[in-house]
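These notes are about the structure you will find just below.
The values are calculated or read from the model by the stated rules, or taken from the named source; none is laboratory data. The shown structure was predicted, so the numbers you read here are calculated from the model rather than taken from an experiment. In this analysis, Cβ positions are derived from the backbone assuming ideal geometry, glycine residues included, and neighbour counts consider all displayed protein chains.
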Amino acid sequence: MSGLEELSREELIALAGALAGRVTALEQENGELRERVTRLERLISRNSGNSGMPSSGDDLPGKPQPKAKPAKPAKGGVKRRPGKQSGAPGTHLAWSDDPDERVEHFPAGTCGCGADLAGAVDLGVTARHQQIEVPLMTATRIQHDLHTVACRCGKVHAATRPQGVPAAPVSLGINLQAWCVYLMVAHAIPVHRCAELVASLTGAAPSAGFVHGMIARAAQAVEQTNLRIRTLLTLAYVVCCDETPIRVGAAKAKRYLLVACTDRYTWYMLGERTLASFKKFIIADLSGVIVHDRYQNYDSPELGERDHQLCAAHLLRDLEDCAETHPGAAWPRQIQTALRGLIHAANLAREQGKDGMDVGTKAMWINSFRHGVRIGLSEVRRIPGAAKTVTQPIGRVLLEVLRDREADVLRFAHDLRIPATNNQPA
């Protein structure tokens, strides 16, 4: 640097101090940038395989696809065949002795001798084939003519309009209305597409406004049924709960669809992921075990105390995140294997009609689970400091949950009435 030789000792010391301060500032800035890059890389790496992110988000630009699940080992060394597997319930087209329609087929034309086969002797049916078919679906216009009659006494009587037929001159029938509701609610088909689909399949042309209005009308029709389902859920031994983001309204505002269900009943509530919404939700009224994804509101003391089962599917995805973050560690895979082993043993015991899984198998997997948690806690150390000011290493909080809430993690292994996940059929 030109001119340095002309500086005095004191000036050189001052310059060196200034440069040292600048280097320190650059190192701090570099550290902050490195931390930001790490956070961004982590956000980009999130997918349905290592987080609670829905699978629909895996197709977003820049998102890595979830890692393929390892193939299950073949039983007896035999490669797993495609299609239905051994032991799985099968489906087939069964023969019916009472078909809805019979169509007789006779040979037509002439015989080699020149005789017309129409006059041939019928020797009976020699082959039978059944085909399951649906009729061509076309909308049928039904006109209801309401007659008025006069009695001999002179009194006049008018026929009443049939139930389900509105006062309007032309309306859509109850079956067509049910189709619209089914397509929108059960299959999440948008309103305009639902109207187009009904028109394509039946020839009827309901307006988008009419189709949209069916949602509110259907909700009013099942209001009492919903209240009964809610009551039955509050009395259930175990209830699975979840919350799913959903866009609603013209402004596409983000709301949450709160779900409570058993293998028989499902109850929905549109709300927020706030404690206020959860207070309106069914949680506070439940008397049984609740299966959930560890969202903090489920554990709020304001909603009462009850037994919990932490969803194993969410735990396995979080452990997958740990395996990717700590590629050299064995504990994430060990805990995953132990959880999957317990889930399999519980499912097998249910299929066999047993009250509990094999004691030795359960003890083996629980022991493996506990050892994996201890190893993880020893390798992923907690950083001292307040939770609001210190970000713990990936996996540390999860490991503490697995250690401190083992009863809530493994409750399904001790009571086969409790499912391991909140992914119940609904």
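Entry remark, the range 1-26: residues being surrounded by 10 or more Cβ atoms within 10 Å (Cβ to Cβ) and either touching a Pro at 6+ places or on another chain (Cβ under 9 Å) or in a helix (DSSP H, G or I) (or both) number 16 in total.
Scanning the range 270-295 for residues that are touching a strand residue (DSSP E or B) at 6+ places or on another chain (Cβ under 7 Å) and more than 23 Å from ILE418 (Cα to Cα) yields a count of 6. Filtered by the rule that a residue be surrounded by 10 or more Cβ atoms within 10 Å (Cβ to Cβ) and under 32 Å from the mean Cα position of the chain (by Cα), the range 375-389 gives GLY376, LEU377, VAL380. Just one of the listed residues (HIS326, HIS314, HIS292) is in contact with an Asp or Glu (Cβ under 6 Å, 6 or more places away or on another chain) and buried (at least 17 other Cβ atoms within 10 Å of the Cβ), namely HIS314.
In the range 374-410, of all residues being part of a helix (DSSP H, G or I) and touching an Asp or Glu at 6+ places or on another chain (Cβ under 8 Å), the one that is farthest from GLY341 (Cα to Cα) corresponds to LEU377. Taking residues in the range 211-222 that are in contact (Cβ under 8 Å) with a residue 12 or more places away in the chain and buried (at least 16 other Cβ atoms within 10 Å of the Cβ), and partners anywhere that are assigned to a helix (DSSP H, G or I) and not aliphatic (A, V, I, L, M), the pairs with Cβ atoms closer than 7 Å and at least 6 places apart or on different chains are VAL211/CYS180; VAL211/CYS194; MET214/GLN177; MET214/CYS180. No other residue among LEU123, LEU176 is within 27 Å of GLY213 (Cβ to Cβ) and either touching a His at 6+ places or on another chain (Cβ under 9 Å) or among the hydrophobic types (A, V, I, L, M, F, W, C) (or both) apart from LEU176. If I filter the range 191-208 for residues that are touching a His at 6+ places or on another chain (Cβ under 8 Å), over 30 Å from LEU93 (Cα atoms) and in contact (Cβ under 8 Å) with a residue 12 or more places away in the chain, do I get at least one hit? Yes. For the criterion of being surrounded by 10 or more Cβ atoms within 10 Å (Cβ to Cβ), closer than 24 Å to VAL211 by Cβ, at pLDDT 90 or above and not aliphatic (A, V, I, L, M), ARG161 passes. Of the helices (runs of 4 or more DSSP H) contained entirely in the range 153-261, those carrying at least 3 residues that are in contact with a strand residue (DSSP E or B) (Cβ under 8 Å, 6 or more places away or on another chain) fall at 223-234. Residues in the range 340-373 that are part of a helix (DSSP H, G or I) and touching a residue at least 60 places away in the same chain (Cβ under 8 Å): LEU342, ILE343, ALA345, ALA346, ALA349, ARG350.
Candidates are the residues of the range 283-339 that are polar (S, T, N, Q) and outside any helix (DSSP H, G or I); the one that is modelled with the highest pLDDT is GLN309. Looking only at the range 346-369, residues that are of a type in the set (A, V, I, L, M) and crowded, with 17+ Cβ neighbours inside 10 Å come to 4 in all.
Restricting attention to the range 390-407, the residues being loosely packed, with under 12 Cβ neighbours inside 10 Å and polar (S, T, N, Q) number 0. Just one of GLU302, GLU272 is over 17 Å from LEU235 (Cα atoms) and in contact with a Leu (Cβ under 7 Å, 6 or more places away or on another chain); which is it? Step by step, each of GLU302, GLU272 is checked, and only GLU302 is over 17 Å from LEU235 (Cα atoms) and in contact with a Leu (Cβ under 7 Å, 6 or more places away or on another chain).
Hey, any hits in the range 331-343 for a residue that's more than 23 Å from the chain's Cα centre (by Cα), of a type in the set (A, V, I, L, M) and not assigned by TED's automatic domain parsing to the domain that holds ALA236? Checked against the condition, which is being more than 23 Å from the chain's Cα centre (by Cα), of a type in the set (A, V, I, L, M) and not assigned by TED's automatic domain parsing to the domain that holds ALA236, the range 331-343 yields at least one hit. Test ARG264 against the criterion of being assigned to a loop (DSSP other than H, G, I, E, B) and under 25 Å from PRO190 (Cα atoms), and give yes or no. No; evaluated as a whole, the condition is false for this residue.
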